[in-house]
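Here is the structure we will look at, set down as structure tokens.
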Amino acid sequence: MLERQAVMDTSEQVLAVRSLEQGPLEAAAWDWSDNTLVQLSDDLLAEGEFWIRAGNGFATALVTSRLLDAAPGEPDSEWEDVVELSLRCSGPVGVTDLVENDPWVELIDEPGRYRLRFSVRGRLLEQDPEAELDDDDQDLDSPEPVEFYLLEAWPEPNSQPAAVLRLTSAFSRHNDDNPRPLALPEVEPGLAASIRIGRDVDRAPGARTLSGQTCSVEVDRTVRGTRRRLFLTCARLTSWSQFVTAESSWTWGGYPTEEPGRLQWAESGGHADQLSGATGVIQYSFVEVEKPGHAVRQWNWLAHPSPGTPYIPYEQWIPVLAENATVTMRLSQSNDSEGQPWTEIRYRFEGIPVEWIDDMRDWLSLQLAIADHLEFGVAKQ
């Protein structure tokens, strides 16, 4: 293995993989919309280069290249975005700054056919570099790298199709035009539970008759990260299931506020997560907000009084629960032996129909699994 390394700035928001002699490169064209990480247009390849998409342009990047004798194993878990592609070149190829061509990190030293793997972590989303930073935010003016790029190349006699191995960063979730659902063990029971609850809200065939008896459901999970970063997302939870279904989100309904007493709504419609039902709606309002560790909401399901009819204001819809349920969220942060922050997320739903106790537990477990897997509490922007 031959390894090279350099620190580069990301001010152009791309890094260039470039032929040293500017000879044409041969590869299958691949657009940002396919993967968020590399762009190989026919025009770029004809000029002997293609681009790696960097973060917001206000940070430095540590770029490492490795020329290998054979294909590596599975990428380490630390890498958030990983893609592979096949390339044919007529001479040395390296990665460099888009404009200055300096520094230069050589990746391939001889002509031939190669397989390339790009592994990246830490890409920053766009943000105002003048924005005030909290104590645990990255200092964008620091010379220390905050984005990390590993480029690996090995001989490959026969070209293979480009492949997305992993796209899990906040950057990719924000920019991916073709989101890929997460495969988590909690998905199947969690979505099935939402369908049963939604069917009851819609009063559809097979709906259960609610007895009026209520109970409490509590689910918790400890995830990596700080409670300050988790608070906003967790306080407003209605569903994060778009990350496991690759459908557009119904979760961000309502006003972006924790103003006590202000009613907010969210509808699932035809989404695979049917927690509100296909024709119903979830209505909630904040009662208490104590950032960054505690929030309480009133919560109810509303059934449409006459599905299929013209618009009817939510105020005229029918509450499914005789009394609003209460949702309490608590975030408790601690540090591990290495000083890394971990936060326990705990939800307690009080006033839930007894018929829904197992379903709500499965659905909440899915939501917390998503928050854990996607590391909502870890700095990504």
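The values are calculated or read from the model by the stated rules, or taken from the named source; none is laboratory data. Not measured: the values here are computed from a predicted model. Backbone-built Cβ (ideal geometry, glycine too); neighbour counts: all protein chains shown.
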**Message:** Can you tell me which residue is farthest from W363 (Cα to Cα) among those in the stretch 258-284 that are outside any loop (DSSP other than H, G, I, E, B) and of a type in the set (A, V, I, L, M, F, W, C)?
**Reply:** W265
**Request:** Mind listing whichever residues of the stretch 335-377 are β-branched (V, I, T), in contact with a strand residue (DSSP E or B) (Cβ under 9 Å, 6 or more places away or on another chain) and crowded, with 16+ Cβ neighbours inside 10 Å?
**Result:** T343, I345, I352
**Asked** Which one is surrounded by the fewest Cβ atoms within 10 Å (Cβ to Cβ) among residues in the stretch 4-50 that are free of Cβ contacts under 8 Å to residues at least 24 places away in the same chain and touching a Pro at 6+ places or on another chain (Cβ under 8 Å)?
**Response** A46
**Request:** For R221, indicate whether it is closer than 25 Å to H304 by Cα and not hydrophobic (A, V, I, L, M, F, W, C).
**Result:** no
**Asked** So which residues in the stretch 337-374 are more than 23 Å from H294 (Cβ to Cβ) and of a type in the set (D, E, K, R), if there are any at all?
**Response** E338, E355, D358, D359, D362
**Subset tally (residues that are buried (at least 19 other Cβ atoms within 10 Å of the Cβ) and on the phi > 0 side of the Ramachandran plot) for the stretch 197-238** = 1
**Complete:** For the stretch 297-319, the count of residues that are touching a residue at least 60 places away in the same chain (Cβ under 8 Å), surrounded by fewer than 20 Cβ atoms within 10 Å (Cβ to Cβ) and not in a loop (DSSP other than H, G, I, E, B) equals 1
**Request:** Please tell me if S172 is farther than 14 Å from I370 by Cβ, under 22 Å from the mean Cα position of the chain (by Cα) and buried (at least 20 other Cβ atoms within 10 Å of the Cβ).
**Result:** yes
**Message:** Please count how many residues of the stretch 270-296 are touching a residue at least 60 places away in the same chain (Cβ under 8 Å) and either over 28 Å from P189 (Cα atoms) or not hydrophobic (A, V, I, L, M, F, W, C) (or both).
**Reply:** 9
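Yes/no matrix, rows are residues, columns are (1) modelled with pLDDT of 90 or more; (2) in contact with a Phe, Trp or Tyr (Cβ under 9 Å, 6 or more places away or on another chain):
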residue	(1), (2)
P111	yes, no
E130	no, no
Y149	yes, yes
S159	no, no
L182	no, yes
**Prompt:** Mind checking which residues of the stretch 76-98 are surrounded by 18 or more Cβ atoms within 10 Å (Cβ to Cβ) and among the charged types (D, E, K, R)?
**Reply:** E80, D81, E84, D97
**Message:** When the residues of the stretch 334-370 are narrowed to those that are touching a residue at least 24 places away in the same chain (Cβ under 8 Å) and either assigned by TED's automatic domain parsing to the domain that holds A54 or in contact with a Phe, Trp or Tyr (Cβ under 7 Å, 6 or more places away or on another chain) (or both), which ends up farthest from R196 (Cα to Cα)?
**Reply:** I370
**Complete:** Going through the stretch 333-367 in order, the residues found to be in a helix (DSSP H, G or I) and in contact with a helix residue (DSSP H, G or I) (Cβ under 9 Å, 6 or more places away or on another chain) are E355, W356, D358, D359, M360, R361, D362, W363, L364, S365, L366, Q367
